[in-house]
1. Scan the range 243-259 residue by residue and report those that are modelled with pLDDT under 80 and within 19 Å of residue 294 (Cβ to Cβ).
2. In this structure, is residue 419 in the same structural domain as residue 347 (by TED's automatic domain parsing) and in a strand (DSSP E or B)?
3. Looking only at the range 267-318, which residues are in contact with a strand residue (DSSP E or B) (Cβ under 7 Å, 6 or more places away or on another chain) and closer than 24 Å to residue 244 by Cβ?
4. It is to be established whether one or more residues within the range 428-436 are modelled with pLDDT under 90, crowded, with 18+ Cβ neighbours inside 10 Å and within 18 Å of residue 378 (Cβ to Cβ).
5. Tell me whether the range 27-48 contains one or more residues that are assigned to a helix (DSSP H, G or I), at pLDDT 85 or above and loosely packed, with under 12 Cβ neighbours inside 10 Å.
6. Looking only at the range 358-392, filter to residues that are within 21 Å of residue 342 (Cβ to Cβ) and assigned to a loop (DSSP other than H, G, I, E, B); which one of those is farthest from the chain's Cα centre (by Cα)?
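The values are calculated or read from the model by the stated rules, or taken from the named source; none is laboratory data. As the structure is a computational prediction, the values presented were derived from the model and not from experiment. Here the Cβ positions follow ideal geometry from the backbone for every residue, glycine too, while neighbour counts run over all protein chains shown.
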C-alpha cells in the first residue's frame, strides 16, 4: 500500500501526463480540491481520501494501539495491584485496633482519678445549691415588699441565660441566672470519637473546664446577690425619701404626721400588739429587710394620713383661677370684702371631685354659697364646694379621694359658672393654695 499527493508529484509519469492532455481542462476550483487529497494505493488499486477522512483513519489507529497497550498492562500487573491494596487495608485496620485498645486502657486509668475528683466536685456543687436556695428565699422576700409605686425602685432581676454544668443528675433552679445540670457524655461515645494523642492531657483540660464552669456559676450567683443588695438599697432609699417628703409637707401645713390619721379610714382594724425586731443572729440581708419593712409601714401610715389632707385639685385638667383668697372688691356692691376661698372658672356641668377622703356634713342650699357640699376630713380639716348646679352626695355619706360630689354651676351669689373652693382648719378659712402647692410638691407620691 502506498499513497501520494498530486500536489507534490507534478511529474508522476508520462502516461499520466498524456492522459491529462487528452481530457478537457477542469475548472480551477476542482484542481485545488484534488491538490489537497491523499491517494492510498495497493495491488494496483488506488483510493483517494480527503484530509479530514485521512486524519480520522490515522487517529482511530492510534487510539486502538493505546487501548491495546493499556489492556495488556492491566492484565499483566492486576494481581500485584490487588495484593498491595489488600495489604495496606490490613495495616490500617491493625493500626486502628491498636489505637482503640490504647484509648481504652488510658480511659480505664483516668476513670479511677475521676472517681476521686467526683466527691470534691459534689461538695462544691452542694455549696452552690445551698447558696442558690438562699438567694431564692431572698428573692421571695424581696417580692413581698416590692412597691411598684415607688419612683426609682428596682424590680426583681430577670432570669439570666442558662448555664450548663456537667453533673450526675439534673437539678432545677427557679432563681435568677438559672443553673441547669446535664449528664456527661457516656463512655462509648467518647471511645467512638476521634481523640488525638494525649488523652490524659485532654481529660485534665476537661477537669479544668469543669472547674471554670463552677467558677462561672459562682460568679453568676455573686452577680445575683449583688443585684439583690442593690435592689434592697434602692427600696430602702426610696421609702426613706418618700417618708421624708410627706413629713416635710405635713409639717409645712402645720399637721402632726403621728396624729393625722382619719378615724374614717382606720375603722375596722385591730389585733394584738406584737413587737417587730430582728433576730440576734440575723445577717446583713435580714437586718436590711427589717429596716425596709419598717420604712414601708411608716410610708403606708403617712399615705393614709395624706389621703385625708386636701392637697389635690377639685377640677380635672388645668385650673383657671378667677379670684384668689383674701381681701377683694365685692363683685356686686364694689366694697372691700373678705374672700374665704378660691374661685375656679369652668364650664357648666363640669364634674367636681373631692380633694381628700372624709364624710359629707352639708349637702344642700346655703345662702350665698348656693348649692353647697361640705366634707369633714377629720383632725379639724374640712373643705367646701359652692355654687354647684347639681349635688351627687348626701349628708353622712363617706367619700373617697377623687370621687365626684357634684357639678359646676352658678347658684347663689355668683356672676357666672365657677367653683367656690374653701379649705378650713378648726373651722377657720385658710388659703387653699397652701394645700394645693403641697400637692404639687408631692407629685408622684399622691
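1. Those that are modelled with pLDDT under 80 and within 19 Å of residue 294 (Cβ to Cβ): 257, 258.
2. Taking the combined requirement at face value, the residue satisfies it.
3. 308, 309, 310
4. Looking for residues that are modelled with pLDDT under 90, crowded, with 18+ Cβ neighbours inside 10 Å and within 18 Å of residue 378 (Cβ to Cβ), one finds none in the range 428-436, hence no.
5. No, because not a single residue in the range 27-48 is assigned to a helix (DSSP H, G or I), at pLDDT 85 or above and loosely packed, with under 12 Cβ neighbours inside 10 Å.
6. 366
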